[in-house]
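Participant: The following block contains the structure, expressed as structure tokens.
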Amino acid sequence: MNKVLRYPIEITDKQILRTAPGPIVHIGIDQSHTPCIWILATIDSQPTDVERVIFMCRTGDPIPARDRKHVGSLIMQTVWHLFEVE
């Protein structure tokens, strides 16, 4: 059985998040207008089992390195593209 967990993110070039293991299934704004990622996790996983390094860049900006996996885009006044270190 699975569950979906929400984690707030900052609008910054690089951040380290402690999350449950599992794929990022959504990037967006929650009800309080906070940018977040949503993770699909197993029901028995802990909310801080995994350390993730997330990079963000705007449309047209250079992407910092090649070992980044695009996980989604966040549309605000600026479009931010989120990449996770693989």
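Participant: Looking at Ser45, Ser32, which is the one that is among the hydroxyl-bearing types (Ser, Thr, Tyr), more than 10 Å from the chain's Cα centre (by Cα) and surrounded by 15 or more Cβ atoms within 10 Å (Cβ to Cβ)?
Facilitator: Ser45
Participant: Now for a separate question. Quick one: in segment 30-86, of everything that is without any contact (Cβ under 8 Å) to a residue 24 or more places away in the chain and among the acidic types (Asp, Glu), which residue is farthest from Thr12 (Cα to Cα)?
Facilitator: Asp44
Participant: Of a type in the set (A, V, I, L, M, F, W, C) and more than 12 Å from Gly72 (Cα to Cα): is that true of Ile54 in this structure?
Facilitator: Criteria not met by Ile54.
Participant: Also, I was wondering about something else. Can you work out which of the residues in segment 48-86 that are assigned to a loop (DSSP other than H, G, I, E, B) and polar (S, T, N, Q) is surrounded by the fewest Cβ atoms within 10 Å (Cβ to Cβ)? Steps first, please.
Facilitator: Taking segment 48-86 and keeping what is assigned to a loop (DSSP other than H, G, I, E, B), we get 48-49, 59-67, 76-78, 86.
Narrowing the set further to residues that are polar (S, T, N, Q) leaves 48, 59, 77-78.
On the way: Thr48: 11, Thr59: 9, Gln77: 4, Thr78: 9.
Per the stated criteria, the residue is Gln77.
Participant: Kindly establish whether Glu10 is modelled with pLDDT under 95 and of a type outside the set (Lys, Arg). Don't jump to the end; show me each part of the working.
Facilitator: Details: modelled with pLDDT under 95: no; of a type outside the set (Lys, Arg): yes.
No: the conditions fail for Glu10.
The values are calculated or read from the model by the stated rules, or taken from the named source; none is laboratory data. What you see is a predicted model, and the numbers here were worked out from it, not measured in a lab. Reconstructed Cβ throughout: ideal geometry from the backbone, glycine too, with neighbour counts over all protein chains shown.
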